[in-house]
Amino acid sequence: MSRISLRKVLILASILFLGTALAAQAVPTTITVRVMALNGKFLGTTMGGARIVLRDADTGRILASGLTSGSTGDTEHIMETPHERRFTYSTEGSASFTAVIDIDRPTRVEVTATGPMANRGAANTVSSTQWVLPGKDITGGDGWLLELRGFSVQVMAPATHIKLHLLPMNHNTVTVHVEANITLMCGCPLGPGTLWDSDGYEIVATVTRDGKPFGRYPMTYARAL
């Protein structure tokens, strides 16, 4: 091979290598994730936040993870302001998690939110998937908004270690007092006549004994904690 031909081959190889390198260069892309309780507000610092995981939906590779932090949001703005199309629920300081991921091509991204982390026994999980383009940030409005269903339930009484046969008996009957702290996933409390009217919810204690159904007992509002 002549010197001129060899030079042409080297130049062509360099161009191809440079083109491949440029095409594969990852672009930082910012994604802001917020999590709202169904009919409520944002999951923020007061409830331990929601655990967020961003994954490549096709490979399973984790792109970013963390916790939402910040306030639950402006109650009047979220719950009382008339909502129009593309309404933005978040205001300054509303809880969120922001990550910068590096992608070099349109990527199908899955985001998973689990919370509230302050009450993991009642935690629930929600996920969503969408295509994300390199350099096209998802930060406007509420960012990537997820809605978490369910309630945060903490059993206050009886204590978990209580044994029924050790409790006082009256005519061979044991009375067990059942009390629970129940809020929306964001920590917003239920109460009579409030924005989250306890009279509008059916709250029942389902009791099992030795793994078998024992009974269902309606619960009534007692007091605010």
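Values in this text are rule-based calculations from the coordinates and carry no lab data. Not measured: the values here are computed from a predicted model. With ideal geometry, Cβ positions are generated from the backbone for all residues, glycine too; neighbour counts draw on all protein chains shown.
In whole angstrom, and with the biggest value first, how far do the Cα coordinates of segment 25-150 range along each principal axis?
Cα extents, longest axis first: 45, 35, 20 Å.
Under a 10 Å cutoff between Cα atoms, tell me which one of Ser69, Ser90, Ser127 has the largest fluctuation in the Gaussian network model of the chain.
Fluctuation is largest for Ser127.
Between Asn170, Asn181, Asn124, which gets the highest mean-square fluctuation from a Gaussian network model of the chain, Cα cutoff 10 Å?
Maximum fluctuation in the GNM of the chain, among the listed residues, is at Asn170.
HN-Hα J couplings of segment 119-126 from phi, Karplus 6.51/-1.76/1.60, θ = phi - 60°, integer Hz, Gly and Pro as x?
9, 5, x, 10, 5, 10, 10, 9
May I ask you to order 27-37, 204-214 by the average number of other C-beta atoms within 10 Å around their residues, highest value first? Walk me through the numbers on the way to the answer.
Numbers: 27-37: 21.4, 204-214: 9.1.
Output ranking for 27-37, 204-214: 27-37, 204-214.
Would you mind computing Rg(Cα) / (2.2 N^0.38 Å) for segment 105-192, counting N as its residues?
Relative to the rule-of-thumb radius for its length, segment 105-192 sits at 1.79.
Return the single residue from His83, His165, His177 with maximal mean-square fluctuation; model: Gaussian network over the chain, springs between Cα atoms under 10 Å.
Judging by the Gaussian network model, the answer is His165.
Can you give the Rg/Rh ratio of segment 143-182, where Rg is from the C-alpha atoms and Rh is the Kirkwood radius?
Over the Cα atoms of segment 143-182, Rg/Rh equals 1.32.
Roughly how far apart, in whole Å, are the Cα centres of segment 43-116 and segment 182-225?
Segment 43-116 and segment 182-225 have Cα centres separated by 28 Å.
Apply the Debye scattering formula to segment 162-225, with a single equal point scatterer on each alpha-carbon and no solvent, then give log10 I(q)/I(0) at q = 0.20 Å⁻¹.
-0.91
Where does each of 129-142, 104-117, 184-197 land if you order them by average Cβ count within 10 Å, highest first?
Ranked by mean Cβ neighbours within 10 Å, highest first: 104-117, 184-197, 129-142.
Considering the values (i) 62, 37, 29; (ii) 51, 36, 30; (iii) 109, 45, 23, which represents Cα extents along the principal axes in Å as calculated for the structure under consideration?
Checked against the structure: label (iii).
Set Lys and Arg Cβ to +1 and Asp and Glu Cβ to -1, take the dipole of segment 152-218 about its Cα centre, and tell me which of Gly200, Ile162, Gly215 lies farthest positive.
Ile162
Cβ under 12 Å from Ile52's Cβ, Ile52 left aside: what net charge do those residues give with Lys, Arg +1 and Asp, Glu -1?
Cβ neighbours under 12 Å give a net charge of +2.
Multiply the residue gap between Ala99 and Val204 by 0.36 nm, knock off their C-alpha separation, and tell me the result in nm, one decimal place.
33.8 nm
Rounded to whole Hz and in sequence order, give me ³J(HN,Hα) for segment 203-217 from the Karplus expression 6.51 cos²θ - 1.76 cosθ + 1.60, θ = phi - 60°, writing x for Gly and Pro.
Each residue's phi maps through the Karplus curve to give 10, 10, 8, 9, 10, 10, 9, 6, x, 10, x, 10, x, 10, 10 Hz.
Starting from 0.36 nm per residue, how many nanometres of slack lie between Lys136 and Thr88 once their C-alpha separation is accounted for?
The span from Lys136 to Thr88 would gain 15.3 nm if fully extended.
Multiplying the sequence separation of His177 and Thr125 by 0.36 nm and subtracting their Cα-Cα distance, what value in nm do you get?
Details: separation 52, 0.36 × 52 = 18.72 nm, distance 3.07 nm.
This chain segment gains 15.6 nm when fully extended.
Enter the angle in degrees (range 0 to 90, nearest 10) between the Cα long axis of helix 3-23 and the first principal axis of the Cα atoms of the chain, meaning the one along which they spread out most.
Computed tilt is about 20 degrees.
With +1 on each Lys and Arg Cβ and -1 on each Asp and Glu Cβ, how big is the dipole of the chain about its Cα centre, in debye rounded to the nearest 20?
For the chain, the charge dipole is close to 1060 debye.
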